[in-house]
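Worksheet: the structure to be examined is printed underneath.
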Amino acid sequence: MTDSQPPAEFLRLVEAQQIAFDPGDLDRLGSYLDRLEEANRRFNLTAITDRESMWVRHIADSLTLLPLLASVQAKRVVDVGSGGGLPGIPLAIAMPEAQVTLVESTGKKVRFLEQTAEALGLSNVTVVQERAETLAHRREYREAFDAAVARAVGKLPVLLELTMGFLRVGGFLFAVKGERAGEEIEQSRQAAHLLHCHIAETHRTETGTIVVVEKLRRSPKIYPRRPGEPNRAPLGGKAVKQALSEPLPEDEHDSVE
């Protein structure tokens with residue numbers, strides 16, 4: 001095992017956000033990075049391999065979501081496209097009162113997430129192996145979450161379609177984005193209209209930009225579309241704009257039963 005102690009830059013970043021840790025949290029975050037590093041030698045989970053950079057660019061970046069999740073009193077959180085567990089696992093460590101569902105379709109990554117959650121004693125974590133396009137139509141997951149989080153999953157128009165089906169009315173998506181957040185927001189106007197959500201605000205942090213999206217009404221039951229379609233033809237793009245130009249019939253606004 002490597003040194004699990006966080007670097008000074010990480011501590012400065014979390015202190016600036018007034019994030020307080022319970023006893024053992026930092027040790028568990030360090031142990032998570034140990035496991036991430038070890039697994040990354042066997043299959044690709046992260047391109048960042050420098051330990052100090054992992055603390056800052058993975059853990060601190062994930063924890064920028066904490067104040068926003070706390071502000072909406074999120075008790076059920078879904079991490080869509082969790083990959084190696086970011087941001088879901090750091091959030092689950094720091095928010096033991098919240099139930100965090102990690103959605104990932106790749107088997108090797110799912111096994112890593114399951115083993116890591118068990119090893120760290122994260123009883124508040126559930127790992128589900130499935131594509132978001134399929135899972136969001138299942139009764140027990142449809143409009144069942146207070147908040148969705150995502151990091152490095154895809155551009156915002158795609159991400160809106162992948163996440164809105166999971167959120168209850170009044171729920172929020174918190175998407176960690178980079179320098180092109182403003183450009184992605186502009187590309188998402190039509191998707192937001194079709195999915196009954198609106199981009200409420202953005203929060204600039206020292207590690208990125210968080211886009212906050214509020215769900216206004218129940219999701220049309222046709223969304224998300226079949227696996228792969230959101231990426232192939234993002235809502236609002238030229239490939240689907242004409243077909244989606246007409247308003248949906250009233251009964252199409254109902255959720256899947």
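Structural remarks
- One residue alone among 46, 64 is in contact with a helix residue (DSSP H, G or I) (Cβ under 6 Å, 6 or more places away or on another chain) and of a type in the set (Ser, Thr, Tyr), and that residue is 46.
- Residue within region 196-210 that is modelled with pLDDT under 95, outside any strand (DSSP E or B) and closer than 21 Å to residue 136 by Cβ present: no
- Counted residues, region 99-155 - those being closer than 26 Å to residue 214 by Cα, of a type in the set (Asp, Glu) and assigned to a helix (DSSP H, G or I): 1
- Residue that is surrounded by the fewest Cβ atoms within 10 Å (Cβ to Cβ), among those in region 82-99 that are in contact (Cβ under 8 Å) with a residue 40 or more places away in the chain and out of contact with any helix residue (DSSP H, G or I) (no Cβ under 7 Å at 6 or more places or on another chain): 96
- Members of region 100-116 found to be of a type in the set (D, E, K, R) and surrounded by fewer than 24 Cβ atoms within 10 Å (Cβ to Cβ), listed by number: 108, 109, 111, 114
- Put simply, of 225, 232, 217 the only residue that is of a type in the set (D, E, K, R), modelled with pLDDT of 85 or more, surrounded by fewer than 17 Cβ atoms within 10 Å (Cβ to Cβ) and in contact with a His (Cβ under 7 Å, 6 or more places away or on another chain) is 217.
- Condition check for residue 183: outside any strand (DSSP E or B), surrounded by fewer than 24 Cβ atoms within 10 Å (Cβ to Cβ) and either touching a residue at least 12 places away in the same chain (Cβ under 8 Å) or touching a helix residue (DSSP H, G or I) at 6+ places or on another chain (Cβ under 6 Å) (or both): no
- Conditions (1) surrounded by fewer than 18 Cβ atoms within 10 Å (Cβ to Cβ); (2) touching a residue at least 60 places away in the same chain (Cβ under 8 Å): number failed by residue 41: (2)
- Of all residues assigned to region 227-239, at least one qualifies as being in contact with a helix residue (DSSP H, G or I) (Cβ under 6 Å, 6 or more places away or on another chain), part of a helix (DSSP H, G or I) and under 30 Å from residue 67 (Cβ atoms).
- Residue 148 being buried (at least 16 other Cβ atoms within 10 Å of the Cβ), modelled with pLDDT of 95 or more and within 12 Å of the chain's Cα centre (by Cα): yes
- The set of residues from region 4-15 being more than 15 Å from residue 95 (Cβ to Cβ) and outside any loop (DSSP other than H, G, I, E, B) comprises 8, 9, 10, 11, 12, 13, 15.
- Selection within region 117-128: residues that are surrounded by fewer than 18 Cβ atoms within 10 Å (Cβ to Cβ) and among the small types (Gly, Ala, Ser). The member of this set that is farthest from residue 93 (Cα to Cα) is 119.
Every residue, every condition in (1) at pLDDT below 95; (2) of a type outside the set (Ser, Thr, Tyr); (3) touching a helix residue (DSSP H, G or I) at 6+ places or on another chain (Cβ under 7 Å), yes or no:
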{"site": "127", "(1), (2), (3)": "no, yes, yes"}
{"site": "139", "(1), (2), (3)": "no, yes, no"}
{"site": "143", "(1), (2), (3)": "no, yes, no"}
{"site": "153", "(1), (2), (3)": "yes, yes, yes"}
{"site": "165", "(1), (2), (3)": "no, yes, no"}
{"site": "170", "(1), (2), (3)": "no, yes, no"}
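- Reported count of residues in region 16-37, each being part of a helix (DSSP H, G or I) and at pLDDT below 95, is 2.
- Top-ranked residue in region 72-98 [being among the small types (Gly, Ala, Ser), part of a helix (DSSP H, G or I) and touching a strand residue (DSSP E or B) at 6+ places or on another chain (Cβ under 9 Å); ranked as nearest to residue 148 (Cα to Cα)]: 88
The values are calculated or read from the model by the stated rules, or taken from the named source; none is laboratory data. It should be emphasised that the depicted structure is a prediction, and the values quoted were computed from it without experimental measurement. With ideal geometry, Cβ positions are generated from the backbone for all residues, glycine too; neighbour counts draw on all protein chains shown.
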